[in-house]
Amino acid sequence: MGFLFEMNLITENIINNSKKYKYGSCLIKDMENSVFIRTFGNYPLVRIIDFLIYSRDFDYPITELAKNANVNFQTLKKIWKSLEDNGLVKKTRILGGAQLFKINTENPVVQKIIELNNVLCWKAIDGKSKIDEQVVKVNVSRH
Amino acid sequence: MEDGDLKGFIVKKLFHHNYVGGKHTSIDNLKKGLPTHIKGDVISAVKLLIKEQIILSKPTSYGVQVSLNPRKKQEIEVYFFIGSNTPQLCCDMIFPDEV
């Protein structure tokens, strides 16, 4: 009886896990790496700048930045000083004792980085549309 | 926070990750990276953007998927400047005929 009970538990676990796999982790995929990361490499500094670029409308505490940019907090603390010294980020306000930061869009270096990112994204889109056109042409010629 | 900021964030995020045309992502992924008190407004902002035809929606068995409309390049660019002090970017250089 004990053996059968254990077997039932195991099968239930398998069923539950498969459901989680089907509806939880498999079909709802995480977003792919951005064009900026694909171009400059998957490094902590690049990931931080990447997140700061597209969320430049909002300000975040450092812990949130680390979580959202998928960077370890200790790594972020090492990099953060140089970012502040170079004026790439600026303090906006203090909320509940925590300092909030956002990217400094008045800095010409940041403006150029944003511009570069936009050019890269438009190029990627343009390249993709050209490939789509080529596929359509090939399909039309086959028919 | 203004309504345009959230719409701008959504458009920027989709554009930044190159979700344009046929390449789409779940609506749940758009909430990631937002401050917690704004996450609830994402779906209404997406609905507004779908109404403006800037975002294309694709209903699937595993949830609504969204992507940017490649035919609305100029409207997409407008959202880059909402809530930021970024100067006019070099879209003239890339698409001289369209601008």
Quiz item: Within region A:18-40, which residues are assigned to a helix (DSSP H, G or I) and modelled with pLDDT of 65 or more?
Solution: A:35, A:36, A:37, A:38, A:39, A:40
Quiz item: Restricting attention to region A:46-77, and to residues there that are facing chain B (nearest Cβ under 8 Å) and of a type in the set (A, V, I, L, M, F, W, C), which single residue is nearest to residue A:91 (Cα to Cα)?
Solution: A:58
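Check whether at least one residue in region B:66-74 is at pLDDT 85 or above, polar (S, T, N, Q) and within 13 Å of residue B:14 (Cα to Cα), and report yes or no. Give the steps one after another, and end with the answer.
Taking region B:66-74 as the starting set, the residues that turn out to be at pLDDT 85 or above are B:66-74.
Next cut, polar (S, T, N, Q) only: B:67, B:69, B:74.
With the extra rule that they be within 13 Å of residue B:14 (Cα to Cα), the set shrinks to B:67, B:69.
Yes.
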Quiz item: Taking region A:103-116 on its own, how many of its residues are out of contact with any helix residue (DSSP H, G or I) (no Cβ under 7 Å at 6 or more places or on another chain) and under 16 Å from residue A:65 (Cβ atoms)?
Solution: 1
Quiz item: Exactly one of (1) more than 22 Å from residue A:64 (Cβ to Cβ); (2) touching a strand residue (DSSP E or B) at 6+ places or on another chain (Cβ under 8 Å); (3) part of a loop (DSSP other than H, G, I, E, B) is unmet by residue B:80. Its number?
Solution: (2)
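One line per residue, one yes/no per condition, for (1) surrounded by fewer than 19 Cβ atoms within 10 Å (Cβ to Cβ); (2) outside the structural domain of residue A:37 (by TED's automatic domain parsing); (3) farther than 30 Å from residue B:70 by Cα:
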{"position": "A:56", "(1), (2), (3)": "no, no, no"}
{"position": "A:69", "(1), (2), (3)": "no, no, no"}
{"position": "A:85", "(1), (2), (3)": "yes, no, yes"}
{"position": "A:99", "(1), (2), (3)": "yes, no, yes"}
{"position": "A:112", "(1), (2), (3)": "yes, no, no"}
{"position": "A:126", "(1), (2), (3)": "yes, no, no"}
Quiz item: Considering region B:53-71 alone, what residues qualify as being in contact with a helix residue (DSSP H, G or I) (Cβ under 6 Å, 6 or more places away or on another chain), among the hydrophobic types (A, V, I, L, M, F, W, C) and part of a strand (DSSP E or B)?
Solution: B:55, B:64, B:66, B:68
Quiz item: Quick one: is residue B:43 under 11 Å from the mean Cα position of the chain (by Cα), more than 8 Å from chain A (Cβ to nearest Cβ) and hydrophobic (A, V, I, L, M, F, W, C)?
Solution: no
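The values are calculated or read from the model by the stated rules, or taken from the named source; none is laboratory data. Note that the structure is a prediction, hence the values are computed from the model and not measured. We place every Cβ from the backbone using ideal geometry, glycine too, and count neighbours over all the protein chains shown.
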